[in-house]
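*Asks:* Handing you a structure now.
The values are calculated or read from the model by the stated rules, or taken from the named source; none is laboratory data. What you see is a predicted model, and the numbers here were worked out from it, not measured in a lab. A quick note on method: Cβ atoms are made from the backbone with ideal geometry, for glycine too, and the neighbour counts reach across all protein chains shown. Areas reflect the complete protein model, heavy atoms only, side chains present, ligands, DNA and RNA absent. Shrake-Rupley method; radii C 1.70, N 1.55, O 1.52, S 1.80 Å.
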Amino acid sequence: MIKPEKTINGTKWIETIQINAEERATLEDQYGIDEDIIEYVTDNDESTNYVYDINEDDQLFIFLAPYALDKDALRYITQPFGMLLHKGVLFTFNQSDIPEINTALYSALDNPEVKSVDAFILETLFTVVDSFIPISRAITKKRNYLDKMLNRKTKNSDLVSLSYLQQTLTFLSSAVQTNLSELDRLPKTHFGVGADQDKIDLFEDVQIEGEQVQRMFEIETLVVDRIDHTFNSLANNNLNDTMKFLTIWSLTMAVPTIITGFYGMNVKLPLAGMQYAWMLTLGISVALIVAMLIMLKVWRKM
């Protein structure tokens, strides 16, 4: 979809969302955007980057944003979005139709302090970076819940939720780190050359926000990994206790089996002719079981 043209203080803005082949051809023919650029900026596997074409005087921005697979289960990955300054026109590409990107773009458009296309780009990046924070808070809330539930009673559904949290943190932490690296590099690129004080302040705001988000995800990743490690240790201990109980139980059951097996043979055995020989075998079994349990206790095997 190619939305109608808008203006940002005199600069044209062309917004695109999930463009198809026909719309790609329109961008090539009507606006003169190279096919390779369109392929690059709409590639869902692309990573954070900034490219300046000195020949065409084009500037291309690629950043990563959170993309929800299942908000209720807190399953997130990241998808790229792009902004292209081409021949004095700003093009934005939201190929995955990420709601956070749409919110960021129109929040920057409605901001009265945004008085240039550069400020629009930086305000958009600020809001995109900010969009990671609610997800981090939701992860914190879910992590606290799982921490309590896993300590009480382990359920497969809780283990699956913990696995989802780890996957989400892996994707988002990596995205936050690569975004921050690019934000730190941006002032040193052509985009940052000759920046006035307002633009420098915007650079600093975006970088500070990026660093804060990075710290939040680093802490959450460490805590979730600790919870997972603790649970694995508890599960292993519980398994060892269960195996220990089953081993001792099987040993105690083996004693009467051996004794009664001897006295079940069709041969003459000592004391087999007594009237209460069955009580004798029972007593021998009990005595041996008690002796074995005492030895195991002494040897600290129980």
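*Asks:* Can you pull out every residue in segment 45-65 that is open to solvent by less than 50 Å² (accessible area, probe 1.4 Å), over 28 Å from the mean Cα position of the chain (by Cα) and not polar (S, T, N, Q)?
*Replies:* Across segment 45-65, the qualifying residue is only 58.
*Asks:* Specify which of the listed residues (73, 68) is open to solvent by 20 Å² or more (accessible area, probe 1.4 Å), of a type outside the set (Val, Ile, Thr), in a loop (DSSP other than H, G, I, E, B) and over 19 Å from residue 121 (Cβ atoms). Steps first, answer last, please.
*Replies:* Numbers: 68 fails: in a loop (DSSP other than H, G, I, E, B).
Unique residue meeting the criteria: 73.
*Asks:* Let me ask another. From 68, 104, 73, which residue is within 31 Å of the chain's Cα centre (by Cα), farther than 30 Å from residue 157 by Cβ and at pLDDT below 95?
*Replies:* When all the criteria are applied, what remains is 104.
*Asks:* Pairs, please: C-beta under 8 Å, at least 6 apart or cross-chain, first residue at positive phi and in segment 56-75, second modelled with pLDDT of 90 or more and among the β-branched types (Val, Ile, Thr)?
*Replies:* That search, which allows pairs on different chains as well, returns 74/135; 74/139; 74/168.
*Asks:* Next question. Pick out the one residue from 81, 120, 93 that is crowded, with 22+ Cβ neighbours inside 10 Å, more than 25 Å from residue 211 (Cα to Cα) and out of contact with any Leu (no Cβ under 6 Å at 6 or more places or on another chain).
*Replies:* Residue meeting the stated conditions: 93.
Conditions (1) within 26 Å of residue 116 (Cα to Cα); (2) open to solvent by 60 Å² or more (accessible area, probe 1.4 Å), marked per residue:
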{"site": "1", "(1), (2)": "yes, yes"}
{"site": "6", "(1), (2)": "yes, no"}
{"site": "14", "(1), (2)": "yes, no"}
{"site": "20", "(1), (2)": "no, yes"}
{"site": "24", "(1), (2)": "no, no"}
{"site": "27", "(1), (2)": "yes, no"}
{"site": "32", "(1), (2)": "yes, no"}
{"site": "38", "(1), (2)": "yes, no"}
{"site": "41", "(1), (2)": "yes, no"}
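*Asks:* Within segment 80-103, can you find the residues that are polar (S, T, N, Q), part of a helix (DSSP H, G or I) and in contact with a strand residue (DSSP E or B) (Cβ under 7 Å, 6 or more places away or on another chain)?
*Replies:* Passing the criteria: only 102.
*Asks:* Same structure, new question: I'd like to know if segment 211-225 contains one or more residues that are in contact with a Lys or Arg (Cβ under 8 Å, 6 or more places away or on another chain) and open to solvent by 30 Å² or more (accessible area, probe 1.4 Å). Before the answer, list the steps.
*Replies:* Our first condition is that a residue be in contact with a Lys or Arg (Cβ under 8 Å, 6 or more places away or on another chain); within segment 211-225, this holds for 220, 223-224.
Restricting the remaining residues to those that are open to solvent by 30 Å² or more (accessible area, probe 1.4 Å) gives 223.
Checking segment 211-225: at least one residue is in contact with a Lys or Arg (Cβ under 8 Å, 6 or more places away or on another chain) and open to solvent by 30 Å² or more (accessible area, probe 1.4 Å).
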